[in-house]
1. Could you please find all residues in the stretch 387-417 being in a helix (DSSP H, G or I) and in contact with a helix residue (DSSP H, G or I) (Cβ under 9 Å, 6 or more places away or on another chain)?
2. Taking the conditions exactly as written (open to solvent by less than 50 Å² (accessible area, probe 1.4 Å) and free of Cβ contacts under 8 Å to residues at least 24 places away in the same chain), does GLY336 satisfy them or not?
3. Looking at ALA548 and the list (1) open to solvent by less than 10 Å² (accessible area, probe 1.4 Å); (2) within 30 Å of THR291 (Cα to Cα); (3) of a type in the set (A, V, I, L, M, F, W, C); (4) part of a loop (DSSP other than H, G, I, E, B), which single condition is not satisfied?
4. Got at least one residue in the stretch 357-366 being part of a loop (DSSP other than H, G, I, E, B) and open to solvent by less than 10 Å² (accessible area, probe 1.4 Å)?
5. Report every pair of residues separated by at least 6 positions or lying on different chains whose Cβ atoms are under 6 Å apart, first residue within the stretch 143-155 and among the aromatic types (Phe, Trp, Tyr), second surrounded by fewer than 16 Cβ atoms within 10 Å (Cβ to Cβ).
6. Name the pairs: first residue in the stretch 532-548 and within 14 Å of ALA306 (Cα to Cα), second residue exposed (fewer than 15 other Cβ atoms within 10 Å of the Cβ) and modelled with pLDDT under 95, Cβ to Cβ under 8 Å, at least 6 apart or on different chains?
7. Sort out which residues of the stretch 450-485 are closer than 16 Å to TYR216 by Cβ and surrounded by fewer than 13 Cβ atoms within 10 Å (Cβ to Cβ), and write them in order of number.
8. Within the bounds of the stretch 175-193, is there any residue that is modelled with pLDDT of 95 or more and over 27 Å from ALA358 (Cα atoms)?
Amino acid sequence: MKKPFKKRILPALALGAVMFTAVSCTGGNSSYQNFEGDPTKLTTTITWWNNYKTPKNDADYESNKSSFKEYDFQKNVIKKFNEIYPNITVNTEYKGSYNDIQKAVSGGLSTGTVPNIASCYGDHVAAYQAAGATLVMDDPMKDPTIGLSKEDNSDYNQTYFNAEKNMYGEKQFLSLPYSKSAETLGINATVFEKDGAGKCGEDTFKDKNGEKTPVYVAPEAAASKKTYEIPKTYKDVIATARKMKTDFPSVFENQKNADGYFEAVPFCYDSAENMFISFLEMAEIPYTDATGKSIDKQVLFNNDDAKEMMINLKKWNNEGLIATQDQLPITDKAKGYHAYSSDMVKEGKIFMSITSTAGARYFALDGGFKAKLVETPTFTKECYDNATGTATTDNHKVISQGPSLTFFRKDDANQNYGSWLFYKFLTNTENSATLAKMTSYFPLRESSYETKEVKDLVTAAETEAQAGDTYSKKSSIYTGTSLKLNQTYTKNNDYFVSDVFSLSSSTRTAVGDLVETVFNNKTAKTDEEIEKLVDDAFTSAYKTAIGA
């Protein structure tokens, strides 16, 4: 089962540059009127632009049903929704990736052809709000007839709702949470548990076009191999990565291919952007501040502490200890796609990977080895090679991610009411639980954890996967583990979201490119060369972020 490629978030349009016209909607909430009448009698049509791939025809659907799980989900939700609200027609339209949706909305704003609902990232919403297009959701949520009851309100995960309301800096809901995720450290547990020489797991193969293709080639450990402890800090990650290179010489002897991409690396952090932002957050190094009154007080990452961090990361990267997904082999030259770290974990080429919890089931290869999904390590300045002091887990933070839904104000109030009613139904206890089971995204409702399907997954997670388990069993265990991690992160108050404002999307893109510029440089090896490389990369990234 192949997961969709996640492209880097493109910059949203800067507020100062937004000059849209002919928008058939008005900003603000001043025109909102409370709903009157029977909601089940409401007659209207609403449209949702999303990233749920639609089959071309019946044959396309039948040939690869697993690719259309979300499509099946939305069809079923709409069918059940219409059993309660028979006169509200819900149309959905597949637009591609979240970035493709953002481009379609930006284009539609100038002509008034925007949907009622769009799947989005927070960075995109800043531009929509600047155009006066967003339906601020505070009043519909409080509507005496169709709003949230006290029970409903308390049932939603308040961590997600508080983050959604606060991230725009205006203390109002410009979007609402939908399918949320976090990050996890995925490890090859078979490798970790091995003590002494020998193969870590069993080789596995699959039939492809009449030929056997290796799926998992069990790495062979040297006699020096001892059991590894699961890393709690990045000091542990680096120490373990160094030991892995010693313990598995045949795996890491020739790490890069002719194009300079890592064929094998002990540790991979999928998202360069998330790595940079999360490390700054945990090390308490300034990144952005949406409340700043000027650009230089809003975009703050161009500082000496952040540069010192990047210098250390580059040295670890040069040593062949860490990489990001963009440094993994190219899988599609035309589109510039790189291999997934989870796939390389399944091939015995990566032993530790920071990836999305929504990708939990992608570790569930039949046979071969077992994986384990655990809390992400903590990053502090004490993790550096030359640092004194003890690296602790005291300031552990995890970036809250996954798409939200934003709503567009229409002159027809019934469309606004219908959009809100659909959101309430889409995220009810049962639907939230079903989506979690299908996708590993976290349920928005606390009550979803009490449903049988989520309970079964969480129970499955209490049983460790074994090397010979089937895909189905492992998938349930890893999905359940992901859902349990959400409870742990929520309980420990680990979640954070970065600021969303006019420059947040360009800043996120700039720091991701900064990491790749530094990591992909093949010539900087001495301290002086690395320091100059990092300094130049920061200067360039800062200019890009502020649009200079």
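The values are calculated or read from the model by the stated rules, or taken from the named source; none is laboratory data. All figures in this text were calculated on a predicted structure; none of them were measured in a lab. Neighbour counts run over all protein chains shown; Cβ positions are idealised from the backbone, glycine included. Each accessible area value is taken on the protein alone, full model and side chains, heavy atoms only, with ligands, DNA and RNA left out. Shrake-Rupley method; radii C 1.70, N 1.55, O 1.52, S 1.80 Å.
1. Of everything in the stretch 387-417, those that are in a helix (DSSP H, G or I) and in contact with a helix residue (DSSP H, G or I) (Cβ under 9 Å, 6 or more places away or on another chain) turn out to be ASN416, TYR417.
2. Spelling it out, GLY336 is indeed open to solvent by less than 50 Å² (accessible area, probe 1.4 Å) and free of Cβ contacts under 8 Å to residues at least 24 places away in the same chain.
3. (1)
4. Among the residues of the stretch 357-366, at least one is part of a loop (DSSP other than H, G, I, E, B) and open to solvent by less than 10 Å² (accessible area, probe 1.4 Å), which makes the answer yes.
5. none
6. TYR542/ALA548
7. Selection gives THR470 alone.
8. No, the stretch 175-193 contains no residue that is modelled with pLDDT of 95 or more and over 27 Å from ALA358 (Cα atoms).
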